[in-house]
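No lab work stands behind these numbers, since they all come straight from the coordinates. For clarity, every value in this text was computed on a predicted model and none was experimentally measured. Cβ placement follows ideal geometry from the backbone for every residue including glycine, while neighbour counts extend to all protein chains displayed.
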């Protein structure tokens, strides 16, 4: 009789199988939902990558602006010197002092006289 008890396998009831199946399906659905939200949801993996790229581009732009700011500060210091102001007035605006004479040399005539 002891042998007969060992050989008897307890069969799962249809209710137990249905509960297991429902649990497994629910678990897979919840894990899939969290995975989907982790990738595509707000502050998900894709958003994190986008924000990282944005951060890096803003850092690069910030460095460029700092260099430009440094150059502008140096230019401001130069413009405070009278000799630099005079140089820019002569070069950019074509201004000259009252006692100076402005000569315009025609380079095309100059080169033709050298060849003859």
Extension length gain for residue 83 and residue 25 (0.36 nm per residue less Cα distance), in nm, is 12.5 nm
What distance in nm separates the two pseudo spin-label positions at residue 56 and residue 68, each 7 Å out from Cα along the beta-carbon direction? 2.2 nm
Hey, rough spin-label estimate for residue 49 and residue 16, points 7 angstrom out along Cα→Cβ, what's it come to in nanometres? 4.6 nm
